[in-house]
1. For residue 66, what accessible area in Å² do you get when you roll a 1.4 Å probe over the heavy atoms of the protein chains, rounding to the nearest 10?
2. Need one value: the accessible area of residue 43 in square angstrom, 1.4 angstrom probe, rounded to the nearest 10.
3. Can you give me the long-range amide H partners of residue 39? Hydrogens built in the peptide plane at 1.01 Å from N, cutoff under 5 Å, separation of 5 or more residues or another chain.
4. What FRET efficiency comes out for the pair residue 69/residue 101, r = Cβ-Cβ distance, R0 = 25 Å, nearest 0.05?
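The values are calculated or read from the model by the stated rules, or taken from the named source; none is laboratory data. This structure is a prediction, so every number in the text was calculated from the model and none was measured. Neighbour counts run over all protein chains shown; Cβ positions are idealised from the backbone, glycine included. These area figures cover heavy atoms from the full protein model, side chains too; ligands, DNA and RNA do not enter into them. Shrake-Rupley method; radii C 1.70, N 1.55, O 1.52, S 1.80 Å.
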Amino acid sequence: MSALTSNFPIFDIKGDPRQSSTATNPSIEPVSSDLASIDMYQTLGLIGSGVTVFMKNPLVGWASLFCCLVSYARRKVSTSTSSHPLQTMLFCTVALAMVYNNAV
């Protein structure tokens, strides 16, 4: 029986919630830095440029290029090593060039 219960997480409950004098408020943990560094505009630009190539839609290509430009404008100098907005911007421009030149 102990093998089954060892797989489940153990919750650390302090105090009795029925008595307000012994109950403690749970602390909220901050968001990890890995999740906080995700740039949604860069992600939208990357997905949009892929959609541009496969669906041959230049409107999505222009929107993804706009998202890449917004991502480049919003980036911080301290997080410049973790994100690559210029590579995504190059992918967007190549996708637009392929659509307008009918290379796809």
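1. Approximately 130 Å² of residue 66 is accessible to the 1.4 Å probe.
2. Probe radius 1.4 Å; accessible area of residue 43 about 60 Å².
3. Hits under the 5 Å cutoff: none.
4. 0.70
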